[in-house]
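Take a look at the structure set out below.
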Amino acid sequence: MLGYFPIAFSFGVAATRAGLSGWEAMGLSIIVFAGAAQFLAIALITGGTPVVLAGLTLAAMNLRHVLYGPVLLQKAGRPATRWAGIWSFALTDEVFGAALGAMARGQRFSEGFMAVLGLAAYGAWVAGTAAGAWAGGGALDAWPAVAAGLDFMLPALFLALLLSILSRAQVPVILASVLATVVVTLGLSARVETLQAAGTLGLFAGMIAGAVTGVAWRARDAQ
């Protein structure tokens, strides 16, 4: 929650600066609830991207979320239940990482725990967006250092979650993911229309490289 609120505040400010109303910014957070995708949505909307194409782009960017629920249930050793549709709504990157970290530290998986974790993060995100939208697009103009700090909050949150579950066995997977993401993003940055598009394709490349490396590493250890 402490990580989500300032990032969402930054989003609310950026959305109103780009010309969206406060209610439109709130609508993105209430319905989409995906930080990086929402910042990309601002660029797509202000750039005049057709609505259908923008929607497909954001959906493709968030396809990774489909994997989070099955992975958690596999870790917990239990099948999906009728309540999975509720807590899985709030299963973002950070909630997934926090849940994995808690389970690694001995926390027993329960749908009540997942619901509280996810819905608390969701509430913080929506509240932060509302505060940023209310503050207005020029809220951070006089505070460039604060604006830069808020821009770094999302990667800082990712790094904190990663370090909480990091083990030596995961290092090759992380290195493969980082390398593929950087190479593809830099390689495509001059060939695609926006830097966000290059970053999205780089993210997909990193996900695939990490997954392939993880499978190969596990197969090697099993021999």
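Key figures for this structure:
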quantity	calculated
Within the chain: Cβ-based charge dipole about Cα centre, in debye rounded to nearest 20 (Lys, Arg +1; Asp, Glu -1)	740
³J(HN,Hα) computed for each position of segment 170-187 - Karplus, 6.51 cos²θ - 1.76 cosθ + 1.60, integer Hz, glycine/proline x	8, 4, x, 5, 5, 5, 4, 5, 4, 4, 5, 4, 5, 4, 5, 4, 5, x
Dimensions (Å) - the chain, Cα atoms, principal axes, largest first	57, 43, 36
For the chain, with +1 on Lys and Arg beta carbons and -1 on Asp and Glu, the positive-most of Phe39, Leu161, Val126 along the dipole	Leu161
Tail fraction, Cα-Cα pairs, segment 43-99, threshold 17 Å, whole percent	50
Most to least packed among 172-181, 28-37, 3-12 [average Cβ atoms within 10 Å]	3-12, 28-37, 172-181
Backbone HN-Hα couplings from phi across segment 108-123 [Karplus 6.51/-1.76/1.60, Hz, Gly and Pro as x]	6, 5, 8, 5, x, 4, 5, 5, 5, 4, x, 6, 5, 5, 4, x
Candidates Ala43, Ala145, Ala18, ranked by Gaussian network fluctuation over the chain, Cα under 10 Å, top entry	Ala145
Three principal axis lengths of segment 1-121 [C-alpha, angstrom, descending]	46, 29, 22
Tail beyond 20 Å, pair distance distribution of segment 82-146 (Cα, percent)	44
Difference of contour (0.36 nm per residue) and Cα-Cα distance, Arg108 to Ala60	14.1 nm
Helix-derived mean residue ellipticity, 222 nm - over the chain, DSSP H n ≥ 4, -39500 (n - 2.57), to 500	-24000 deg cm²/dmol
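Laboratory data are not the source of any read-out in this text; all were calculated from the coordinates shown. Please read these numbers as outputs of a predicted model, since none were measured by experiment. Every residue, glycine as well, gets a Cβ built from its backbone with ideal geometry; the counts of neighbours run over all protein chains shown.
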